[in-house]
Amino acid sequence: MRGKFAVALLTLATLSACSTPETRLRNGLQSAGLSADTSACMADRMIDKLSLPQLKRLSDLSKISDKKIGEMRVGQFWRQVRALRDPEILAITTRAGLSCAISE
């Protein structure tokens with residue numbers, strides 16, 4: 001029984017380690033309150049423009065949100081991005097958000 005649990009735990013750890021920065025960013029944006037389509041669009045546009053540490057900070061946005069998915073307004077999301085105090089993250093996220101909003 002313990003062997004099966006250990007194998008399952010190891011499999012989950014391996015799968016989570018295999019997720020790409022784009023996947024983590026997309027999931028972080030979605031967890032922060034953006035729709036799945038908007039999160040995917042923005043992650044696709046931002047992935048090559050930000051460094052890995054910047055992408056990590058953005059993907060962690062959901063951790064500073066005490067709201068459930070879908071309860072956050074767009075303004076609250078942008079306040080969280082500004083709170084990161086990184087002008088490059090803010091500029092690239094803003095451009096990606098506007099581009100995705102226009103293309104929808």
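Every number here is computed from the coordinates shown, using simple stated rules; none is lab data. From a predicted model like this one, the values you see are computed outputs, not experimental measurements. So basically every Cβ, Gly included, is an ideal-geometry build from the backbone, and we count neighbours across all protein chains shown.
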Packing-ranked peptide list from 86-97, 37-48, highest mean Cβ count within 10 angstrom first, is 37-48, 86-97
What order do you get for 75-81, 53-59 when each peptide is scored by the mean count of other beta carbon atoms within 10 Å, highest first?
53-59, 75-81
